[in-house]
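Below you will find the structure I want to go over with you.
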């Protein structure tokens, strides 16, 4: 198992004057200290703030990769897709349940991100923030501040 992940996800904001600010800049600099004398390639996606597209981009571009790294640190090597399915299963808001009132039998289905409205997506990410902090010992920025 690699001590340091080969991928890091960062977020930032472009200011009105065209300059930018990187959130977690210190974490990024600490990350690069673990990889002296190497090269890197960056990938940037731009979203309009406050949109559901930006929130989904944050989820797939930051939250899922951070969980993937945390799971890897615990010895679980999952793909990005497997990681995303795993974290959806951690949150009750992602479970759609129905009951047959005659038999009392429940049927459940794991919802996809596209089935959530924006407020549900915020609730889901809030739940993941708690799980990340308590069980996996990493911090997820509040997407409302990014």
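Can you pull the three principal axis extents for the Cα set of the chain, in Å, largest first?
Reported extents, whole Å, longest axis first: 66, 42, 24.
Give me the distance between the Cα centres of the stretch 105-119 and the stretch 23-85, rounded to whole Å.
If you average the Cα positions of each part, the centres end up 24 Å apart.
If you bin the C-alpha pair distances of the stretch 23-65 every 10 Å from 0, what whole percents do you get?
In whole percents, the pair-distance histogram is 22, 43, 28, 7.
For 29, 116, what ranking results if the residue with the fewest other Cβ atoms within 10 Å of its Cβ goes first? Working shown, then result.
Values: 29 10, 116 19.
Sorted ascending by nearby Cβ count, the order is 29, 116.
Another question, if that's okay. Of 105, 133, 70, which is the most mobile in a GNM of the chain whose springs link Cα atoms less than 10 angstrom apart?
Most flexible of the set in this elastic network: 105.
Considering Cα pairs under 8 angstrom that are at least six residues apart, work out the relative contact order of the chain and quote it in whole percent. Mind showing how you got there, number by number?
Details: 115 pairs, mean separation 29.6, N = 146.
Answer for the chain is 20 percent.
Which order results if 44, 125 are arranged by neighbouring Cβ count within 10 Å, fewest first? Intermediate values should be presented prior to the final figure.
Working: 44 9, 125 21.
Ranked by crowding around the Cβ, least crowded first: 44, 125.
How would 15, 71, 128, 90 line up from fewest to most surrounding beta-carbon atoms within 10 angstrom?
Numbers: 15 9, 71 17, 128 21, 90 13.
With the fewest neighbours first, 15, 71, 128, 90 line up as 15, 90, 71, 128.
Cα gyration tensor of the stretch 19-103, axes a ≥ b ≥ c as square roots of the eigenvalues: rounded (a/c below 1.5), prolate (a/b > b/c) or oblate?
On the way: a/c = 3.43, a/b = 1.73, b/c = 1.98.
Oblate, since a/c reaches 1.5 and b/c is not below a/b.
State, in angstrom, two size descriptors of the stretch 98-146 derived from its alpha carbons: Rg to one decimal place and Dmax to the nearest whole number.
15.5, 48
Using just the helices of the chain, give the 222 nm mean residue ellipticity in deg cm²/dmol: DSSP H runs with n ≥ 4 each add -39,500 (n - 2.57), and the total is spread over all residues, rounded to 500. Kindly include the intermediate steps, with their values, before the conclusion.
Details: 5 runs with 50 residues, N = 146.
Calculated from helices alone, the mean residue ellipticity at 222 nm is -10000 deg cm²/dmol.
None of the figures in this text is laboratory data; all of them are computed from the coordinates on show. What you see is a predicted model, and the numbers here were worked out from it, not measured in a lab. So basically every Cβ, Gly included, is an ideal-geometry build from the backbone, and we count neighbours across all protein chains shown.
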